[in-house]
1. Any chance you could count how many residues in the range 43-73 are of a type in the set (A, V, I, L, M, F, W, C) and closer than 17 Å to residue 339 by Cα?
2. Being under 25 Å from residue 420 (Cβ atoms), out of contact with any helix residue (DSSP H, G or I) (no Cβ under 6 Å at 6 or more places or on another chain) and not polar (S, T, N, Q): is that true of residue 303 here?
3. Anything in the range 326-337 that is in contact with a strand residue (DSSP E or B) (Cβ under 9 Å, 6 or more places away or on another chain) and outside any helix (DSSP H, G or I)? List them, or say none.
4. Take the residues in the range 38-96 that are in a helix (DSSP H, G or I) and open to solvent by less than 80 Å² (accessible area, probe 1.4 Å), then tell me which one is modelled with the highest pLDDT.
5. Of all the residues that make up the range 488-498, how many are under 23 Å from residue 167 (Cα atoms) and in contact (Cβ under 8 Å) with a residue 24 or more places away in the chain?
6. Go through the range 322-358 residue by residue and tally those that are of a type in the set (Ser, Thr, Tyr) and in contact with a Leu (Cβ under 9 Å, 6 or more places away or on another chain).
Amino acid sequence: MAAQNFLLHVHISSDIVRKMTLSSRPESVNELKTMIKEKFKLDFDFNLSYEDPDFDGQLCSLVDIEELPQKAVVKAVRSEIDASSVASDDTITLPHVVTPDRTERWPYVFPVPTFSYEVELILGEGNATREKTGKTLKLSRGQKHDILETLAAKMHSFKAYPNDKEVSKVAEALITKHPCLKEPGSQTGWYGWKNSLKFKMGNYRTKLSRAGFHEVAVNCGKRSRNNPDKQAPHTNIKRPKRAEVNFLPNFPIGEDMASLEQLRLQILEEVKKSDKNLVLIMKLMQTTFALRRKEVITENLPVGDILERWPAFKIESQICSEFHKITNVNLKNHFYAVLDQHAPRLQSLFRKKAARTGKVSEVLSQLFRIYDLQENVDIHVRRAAILRALPTYLQEDDSNFLKTWDVEQSDEPDIDDVPLGLLSISGNSTDATFFCPEKIAVVLEGNIVIDFPTLADAFVMLFGLTYALDLSYPKELANTFDFTQKVLMGLEDGKLRPRVLSLKNELFAVE
C-alpha cells in the first residue's frame, strides 16, 4: 500500500502561514518540530497545537504524533521563556544575567561518568577478566575513593539530596556498566556500593557547605556541643521536596547582597510604570533569582511581604519564568498538553462515578448536569469541568478553596480566612460561575494577587506560585495538588498518595 501524504498549514505567527507536505507521518512530535524548524528556518523553541476536527476545530496540544490528522492546521506556539524574551527593544543589555545552576532533571537511567585515566584502565581490564573467568575486581582504597567522589559529583549535578531509590539506581548503573565491581556476597550485587554512595554524598555536601554552597550550607550549624542552643540536626531541614531542580542557588559570580538589592529596587521601579519594559524585568528577575530564593526559603517572610518586595510575581510571564527556573519545566504548555491529553479519559472516569450512588457521586452528577447545560462547550469549559470534578473524585472538600464573589451583592469578598484559593468574580453568581466566569482571581493569605479569564489559567498560575513562593499545598486538597504535581506536571518524587495512585492507575489502564 502506498504511503499517504500529510498536508499541513503551519501557523508560524499571527500573519505568517506556510504550507507543508510530508510523505509520511513523522516518528514523533519532536521529529515534526525539527522538520518545521529546518524547512522554515525557525530559530526559536516552540510547542505544537492542532485544530481538532472532533471538537469543531478547537486547538489541542499535540502530544502524541498519532493524533495528527492527515490534513491539519498546525500552530507553532512559542515557549514561555522564548516568547517573553522577544521584544521590540533589542538593545537592552544586562551584564550579570545568568542561568540557574542546574539545567537537567534526575535522569531515568543514570549516566555513569568517566573516571580518572588510571581507574578507567583498571576497570576495562577488570571487565574483560570478569567476562572470561567470572572474577570480580578488588580496588585499592584510592581507586574506590575516585569512583565514589566522581559519582557524588555527578549525582550532585542533578540533585543535592538524592533519595534512597535514586542512590540505588546509581549503584545499579555502576555495576551494570562495570560488572567487575559486582559484590559476590550481596543479593543485588550493589548494596555495599549504595551504602558507600550515601556516606560519600554526605561528605560531599559537607565539603560544599564549607565552601559556601547555599543549598547545603543552609542546613549546617545545627545543634552541637559547641552550639547547644541551635535546632536539632534533623529538624527544619530545607531541601527540595517537590522535585525542584534549582532550589537554593548561589549568587551569580561577582554579585553580593548589596548589588542584587540594587537590581531588586530597579525591578520595583519598573513594575510601577504603566508601560512596563517586560524584557528588562525578565532579565532583572533572572539575575536576582538567587537572592529571591534565599529570602523565600530561609527568611520565612509572609506572602504579602514577598509580593511587596517582588511585585513582578503579579505578572503572568514572571510566574511562568520563575517556575521554569525552579523546575526546568514549562508551566502552562506542559500542564495544558497533559490535561488535554487525559481530559477524555478523566471525564469518562468522573461520569462513571457520577452514575453510581453515594455522596461523591451525587456531587459529580450535579456538576456534570450543569456542564451539560452549557451552550458553548469549548476547551476552556472542558478544562474547568475536569478541574472542578477532580477534588470531588479524590474525596476532598474544595469549599474553602473555590470562592465566589457577586459584586452586586457585596462590596468585599469573603476571603480573609483563605490561605490559598481561587475567587470567581461576577455580577451574577450562578452554579455555572466557574465554567464561564467573568474573571477568576488567585488568592493568597486573604489577598487577591492576579486574575485570569478562565478557571484553568487561574489554577495553573496558582500552582506555579506555590513553587515560586515555596507554599504548602492546602491540607484539604492534598490529593488534588499531588495529582497535579506528579501526574499532570510530571514532577515525580517516587511516592503517590493512595487515592492519587488509584486514579493514575485507572487513567493509564488499557480498556
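1. Counting residues in the range 43-73 that are of a type in the set (A, V, I, L, M, F, W, C) and closer than 17 Å to residue 339 by Cα gives 7.
2. yes
3. Hit for the range 326-337 is 330, nothing else.
4. Out of the qualifying residues, it is 65.
5. 5
6. So the answer is 1.
Here is a yes/no grid of residues against (1) at negative phi; (2) within 20 Å of the chain's Cα centre (by Cα); (3) at pLDDT below 95:
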site	(1), (2), (3)
409	yes, no, yes
413	yes, no, yes
428	yes, no, yes
459	yes, yes, no
466	yes, yes, no
480	yes, yes, no
493	yes, yes, yes
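Listed here are the residues, each with its yes/no results for (1) small (Gly, Ala, Ser); (2) assigned to a helix (DSSP H, G or I); (3) more than 21 Å from residue 469 (Cα to Cα).
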position	(1), (2), (3)
294	no, yes, no
324	no, yes, no
339	no, yes, yes
343	yes, yes, yes
350	no, yes, yes
357	no, no, yes
365	yes, yes, yes
383	no, yes, yes
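The values are calculated or read from the model by the stated rules, or taken from the named source; none is laboratory data. Only a predicted model underlies this, so the values are computations on that prediction, with no experimental measurement involved. For neighbour counting, all protein chains shown are included, and Cβ atoms are generated from backbone atoms with ideal geometry for every residue, glycine included. When the accessible area is computed, the model is the full protein with side chains, heavy atoms only, and any ligands, DNA or RNA have been set aside. Shrake-Rupley method; radii C 1.70, N 1.55, O 1.52, S 1.80 Å.
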